[in-house]
Amino acid sequence: MNDLGVQTADRPLAETAQPPVSEWKRTYRKFVKNPVGIIGLAMVVMITLMSIAAPLLTSHDPIDVHLEKKLQPPVWQEGGSWEHWLGTDEVGRDVWARLVYGSRISLAVGFFAVVISLVLGTALGMLAGYFRGKTDFAISTVIDIMMAFPFILLALATIAVMGPSLLNMILVLGLTDWTQYARLVRSEVINLREQEFIQAGYALGSRHWRIIWKHLLPNCLPSVIVLATLAMARAILMESSLSFLGLGVSSPTPSWGFMMSTGRPYIATAWWLATLPGIAILITVLGINLAGDRIRDLLDPKVD
Amino acid sequence: MGTLATQCLRIVLVLFGISTIAFFLIHLSGDPVLLMLPPEATQEEIEAFRHQMGFDRPLSEQYINFLSQAVRGDFGESLKFHQPSLQVVLERMPATLELTLFATLLSVLIAVPLGIYSAVNRNSLSENLVTVAVFLGQSMPIFWTGIMLMLLFGVKLHWLPVSGRGTWAHLLMPAFTLAVWVAPTTLRIVRSSMLEVLQQDYIRTARSKGLAERVVIYKHALKNASIPIITVIGFQIGKLLGGAVVTETVFAWPGVGQLVVKAIYTADYPLVQACVVILALIVAAMNFSVDAMYRHLNPKIKSG
């Protein structure tokens, strides 16, 4: 528990002299102690490794069509074989290979969409909370407008018009889901601005950007990270929904949502087609949510 | 701060913003005419259609026309139904409202008792089970939940019809799918606000008066924890309308959600615009009234 005492005994002073570093370290140590966070993180790491090492995990090509081998069941069912251990789909493509390669789409969309919305939302929230007045009114009104659209409806309509592609998916999810960061950062900055260390900064003649960059941003970061983990889970779910509706990445590229959409008509005869990709999404999103929830407990108990 | 005047101004601006987004949506791809006509349309057909829809006018003129007609509820004629778009949307609205209201009811029936239970029985085995259920519910793609219910209760057990609308039996699966989607959030809010209230002095007073634990929890605690609970239920109407887009498509439920997806597939953009504006209007109205109610019920919030 008393990290600092232990550290000064056997580590160089320079390392303990930086409070921000040791605070992150302490958080890291607490995170490691709780099994739930670790289980979640392990699930995320597993899926990430799967997407990186995809070619090593399967010898089948995810887009190779073999009509003569279509609709083979998984290995534990009658008629299944180890050749295609999770079965094949309606045109004879290996389901395991498609699941493994499909993780790339989900993770890429989740990660990059979150980066875009995080940067955009934090910047706008910072401006609104810092400058208040007309800037705040304008940004808050835009937030109200964005919040009036059911997220999926706006994404759906925009992608339909722009044409479905991986890049458009990332852009649309990133540009529609930034409002939460903006709201959060805005209210935090409004509170922070009144505090003494910020006021002291003004008294010392610091410029706006310096106060924002050096003081406000680092203080908002924990809450923003918490939101980002949960937003990544949501972005992955949203990608799968859009792909399910046929507005995801274009057809032969394996995507979990689209696999379920093409598997749905076979639900009575080939249950594995619509079921297995859902389990893959469930594992990924559950892992992110579990790890994210632990991070929330540690970094920012206020957010719920 | 002139809260009421500011709020009214903001409502007007949000309505304006919603219509503006709906207008520019169809211009995102460059030429809306190519978007709406089939690829095999001849040059003459394209020009005739462009003139008929007014797309040959300057963009600013089109925009003003769109806004002035939208104010009067005129979104143009649906390309597929050959009826005013608004009328087509309003005809489908009862089905969507029926589904979302029933789903809200179900989610409250699931979330409130379980949330109270897990707040009262902290750190018990059953509380942990509830937590696991919450995480699973949050991590399942909504359409997958629907497909799995369909597989179990429709295909395997033959208890419930798999699609369409008509009887109560038709309503159960789609409503439950939506309820599973929103209940985790409600449950978490119920749990955290109950936990907070149960620590208060007046609860100790109530207990020390010798009141039955049931009376303390349901009468004294729940009443005081109700503001955030009602707020979150209100805000979730927007989320439910978004979820209805996917759920209605899975279960072929003839509501606005299914209508907008079909309209997107058939490039019936006047209809898409009408759907987007009407759904956003409902969500915005809901958000504003929940906000107003929250301010009214909670004197601690003054402005901002």
Single unsatisfied condition, B:ALA252 versus (1) buried (at least 16 other Cβ atoms within 10 Å of the Cβ); (2) closer than 18 Å to B:PHE143 by Cα; (3) more than 11 Å from chain A (Cβ to nearest Cβ); (4) of a type outside the set (D, E, K, R): (1)
So which of B:THR231, B:THR247 ends up being touching a Phe, Trp or Tyr at 6+ places or on another chain (Cβ under 6 Å) and either hydroxyl-bearing (Ser, Thr, Tyr) or surrounded by fewer than 22 Cβ atoms within 10 Å (Cβ to Cβ) (or both)? B:THR231
Positions within the range A:129-145 being farther than 16 Å from B:VAL14 by Cβ and among the charged types (D, E, K, R), in sequence order: A:ARG132, A:LYS134
Could you list all residues from the range A:160-180 that are more than 19 Å from B:ALA284 (Cβ to Cβ), of a type in the set (Val, Ile, Thr) and more than 9 Å from chain B (Cβ to nearest Cβ)? A:ILE170, A:VAL172
B:SER193: passes all of (1) within 11 Å of chain A (Cβ to nearest Cβ); (2) among the hydroxyl-bearing types (Ser, Thr, Tyr); (3) surrounded by fewer than 18 Cβ atoms within 10 Å (Cβ to Cβ) but (3)
Of all residues in the range B:105-143 being within 25 Å of B:ALA252 (Cα to Cα) and touching a Pro at 6+ places or on another chain (Cβ under 8 Å), the one that is surrounded by the fewest Cβ atoms within 10 Å (Cβ to Cβ): B:GLY137
Return the total of residues in the range B:234-244 being touching a Phe, Trp or Tyr at 6+ places or on another chain (Cβ under 6 Å) and touching a residue at least 12 places away in the same chain (Cβ under 8 Å). 1
Within the range B:287-300, does at least one residue satisfy the condition of being within 9 Å of another protein chain (Cβ to nearest Cβ), closer than 30 Å to B:LEU160 by Cβ and touching a residue at least 12 places away in the same chain (Cβ under 8 Å)? no
Of A:LEU192, A:LEU127, A:LEU153, which residue is within 20 Å of the chain's Cα centre (by Cα) and not acidic (Asp, Glu)? A:LEU153
Top-ranked residue of the range A:239-293 - restricted to ones that are of a type in the set (S, T, N, Q) and not in a helix (DSSP H, G or I), ranked as nearest to the other protein chains (Cβ to nearest Cβ): A:THR269
Only one residue in B:VAL190, B:VAL250, B:VAL182 is in contact (Cβ under 8 Å) with a residue 24 or more places away in the chain, closer than 18 Å to B:LEU106 by Cα and over 16 Å from the mean Cα position of the chain (by Cα). Which one? B:VAL190
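Here is a yes/no grid of residues against (1) crowded, with 23+ Cβ neighbours inside 10 Å; (2) in contact (Cβ under 8 Å) with a residue 24 or more places away in the chain; (3) part of a loop (DSSP other than H, G, I, E, B):
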| site | (1), (2), (3) |
| --- | --- |
| A:LEU71 | no, yes, yes |
| A:VAL75 | no, no, yes |
| A:VAL91 | no, yes, yes |
| A:TRP96 | no, yes, no |
| A:VAL100 | yes, yes, no |
| A:ALA108 | no, yes, no |
For A:ARG234, are the conditions met, namely being at the interface with chain B (Cβ under 10 Å from one of its Cβ atoms), among the charged types (D, E, K, R) and either touching a Lys or Arg at 6+ places or on another chain (Cβ under 8 Å) or more than 23 Å from A:LEU175 (Cα to Cα) (or both)? no
Just checking, does the range A:205-217 include any residue being on the phi < 0 side of the Ramachandran plot, under 22 Å from the mean Cα position of the chain (by Cα) and away from every other protein chain (no Cβ under 14 Å)? yes
Taking A:ARG183 and the conditions (1) touching a residue at least 24 places away in the same chain (Cβ under 8 Å); (2) crowded, with 19+ Cβ neighbours inside 10 Å; (3) away from chain B (no Cβ under 14 Å), which numbered condition does it fall short on, given that it satisfies the others? (3)
Among the residues of the range A:125-137, are any surrounded by 23 or more Cβ atoms within 10 Å (Cβ to Cβ), among the hydrophobic types (A, V, I, L, M, F, W, C), touching a Ser or Thr at 6+ places or on another chain (Cβ under 9 Å) and more than 7 Å from every other protein chain (Cβ to nearest Cβ)? yes
Residues located in the range B:149-166, provided they are more than 7 Å from chain A (Cβ to nearest Cβ), buried (at least 18 other Cβ atoms within 10 Å of the Cβ) and under 17 Å from A:MET260 (Cα atoms): B:LEU149, B:VAL162
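None of the figures in this text is laboratory data; all of them are computed from the coordinates on show. Please read these numbers as outputs of a predicted model, since none were measured by experiment. Virtual Cβ from ideal backbone geometry, glycine too; neighbours counted across all protein chains shown.
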